[in-house]
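K.L.:
Quick one: structure below, then a few questions.
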């Protein structure tokens, strides 16, 4: 443990846990923290994980984020666009992505905010969220935990399927729907509540359950004992800082790059 | 002798207002930008664009008011996540949309390519894309009885693709590390026009060595336009990489004055003028591979 661990580094370690028990699957982490987390999981506790260079090759060691200098990727296989979907349909993948909105069902949105015809904000589009969410395990990283991200009711445009029977065909749960973790700047959550309700699994250092609930647009399930999210180990911090992100891209994730240990509000 | 070579004017002559146009490539990679710029400069209007994996192609046609309806899964400049002109057009409701998942688009193109009305999938079930596009479900006739999405076939009147090498017969090579879904889009099109980095003799395609880079048989192709550097500012690796500097300028052209400036410098100058304004042959050929 290190007292100067940043919140970004804490979130990398927390996100890495998503892949701990996955075995030999494709780990896809989109945006800086999830991508570092996939690399950290592979280097520390799940060496069987597969990952890509974020373009077209499977690599047998995680590619550092940011400027690469003399670093050369180490390809071990081909993961073309077509093969990416073949892999998805086979289910041997766990994606950790960063949606803009999430709701009580774990449904997420990266398409439009507000009215659908003339939206307040047009984002990327649904991308591969519908297919990912119905074919293989998914986890989510939400760097700004507030009621605009963790919305009341449903997200503005449902891009990924969640635990909402009203939207399932014939009310029947899709056979491969499997939502795992939500990691935010305040807490780690899962879908382990009754009827897959979102449950707080650990609180980041200095954060209270009440603070997380106040920043969430729906009721969170509160276990009797909620541990503190563990800081990355000294080995993990070393890997994050010198191998996975040697140029410090992670410092741009949170404004001011705050420390992991906040003073309680 | 079969000869499918056409020039930009011949390409434009084959297009019509209100048609459905498919665009190959992926975000900032191997987009047929010379053909897209020709459309942007033309009088064509009311296009239905099938650009599932959109980039500056969609933005440019949005900025020039060519789109009536957009069928897409995303529009992104990748290193600069959002295209300013797609975003402005989308937010003002300037064009209708049908939004598809990336893999669902592949499946719909495959159905179109196979001349089937639909292909079954789970992709999309439980999300808002189903109702928005008026998609329907179908029940498995086998013992499982599962309710699946019937991904409707997607077909286009004309598809435009950018390839690395082509001969006058329409034999092509796509040499980049990822061919994306150009093959499916081509087979889902009534006509396919390819722009090519180099127009070569058939023997120079060296198919004995390059068989795996030959995306489809020549009967798929209707026209071949020689357009060196025709993917710029998107990349056509290994011939040249993505021009991040140019894309940054383009991404900053959201405001009316900035767009007027971009248009004057890069669009209203013809294709030769474009390439010169974009830095010229030597600059573009030296663009490095992108880093992600």
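The values are calculated or read from the model by the stated rules, or taken from the named source; none is laboratory data. Just so you know, these numbers come straight off a predicted model, no measurement behind them. When we count neighbours, we look across all protein chains shown, and the Cβ atoms used for this are built from the backbone with ideal geometry, even at glycine.
K.L.:
Name the residue that is nearest to the other protein chains (Cβ to nearest Cβ), counting only residues in the range B:241-292 that are part of a helix (DSSP H, G or I) and at positive phi.
P.N.:
Here the residue is B:280.
K.L.:
All but one of (1) on the phi > 0 side of the Ramachandran plot; (2) outside the structural domain of residue B:79 (by TED's automatic domain parsing) hold for residue B:180; which doesn't?
P.N.:
(2)
K.L.:
Can we say residue A:39 is surrounded by fewer than 21 Cβ atoms within 10 Å (Cβ to Cβ) and either touching a helix residue (DSSP H, G or I) at 6+ places or on another chain (Cβ under 7 Å) or within 13 Å of chain B (Cβ to nearest Cβ) (or both)?
P.N.:
Answer is no for this residue.
K.L.:
Yes or no: the range A:143-150 includes at least one residue that is farther than 24 Å from residue A:11 by Cα and either at the interface with chain B (Cβ under 10 Å from one of its Cβ atoms) or more than 16 Å from the chain's Cα centre (by Cα) (or both).
P.N.:
no
K.L.:
For the condition assigned to a loop (DSSP other than H, G, I, E, B), within 12 Å of chain B (Cβ to nearest Cβ) and crowded, with 18+ Cβ neighbours inside 10 Å, what is the one hit in A:131, A:125?
P.N.:
A:125
K.L.:
In the range B:202-211, is there at least one residue being more than 16 Å from residue B:40 (Cβ to Cβ), in contact with a strand residue (DSSP E or B) (Cβ under 8 Å, 6 or more places away or on another chain) and touching a residue at least 60 places away in the same chain (Cβ under 8 Å)?
P.N.:
no
K.L.:
Another question, then. I need a count of the residues in the range B:141-182 that are farther than 23 Å from residue B:12 by Cβ and within 14 Å of chain A (Cβ to nearest Cβ).
P.N.:
The number of residues fulfilling the criteria is 16.
K.L.:
Go through the residues of the range A:205-226 one by one and say whether even a single one is in contact (Cβ under 8 Å) with a residue 60 or more places away in the chain, closer than 17 Å to residue A:12 by Cα and in contact with a helix residue (DSSP H, G or I) (Cβ under 7 Å, 6 or more places away or on another chain).
P.N.:
no
K.L.:
Under 14 Å from residue B:78 (Cα atoms) and at pLDDT below 95: is that true of residue B:290 in this structure?
P.N.:
Yes, satisfied.
K.L.:
Among the residues of the range B:69-84, what is the count of those that are over 23 Å from residue B:241 (Cα atoms) and either in contact (Cβ under 8 Å) with a residue 60 or more places away in the chain or facing chain A (nearest Cβ under 7 Å) (or both)?
P.N.:
So the answer is 3.
K.L.:
Moving to a separate point now. Taking residue A:170 as meeting all but one of (1) in contact with a strand residue (DSSP E or B) (Cβ under 7 Å, 6 or more places away or on another chain); (2) part of a loop (DSSP other than H, G, I, E, B); (3) within 8 Å of chain B (Cβ to nearest Cβ), write down the number of the exception.
P.N.:
Among (1) in contact with a strand residue (DSSP E or B) (Cβ under 7 Å, 6 or more places away or on another chain); (2) part of a loop (DSSP other than H, G, I, E, B); (3) within 8 Å of chain B (Cβ to nearest Cβ), residue A:170 violates only (2).
K.L.:
When the range B:69-81 is examined, which residues are found to be under 17 Å from the mean Cα position of the chain (by Cα) and over 15 Å from residue B:23 (Cα atoms)?
P.N.:
Within the range B:69-81, B:77, B:78 qualify.
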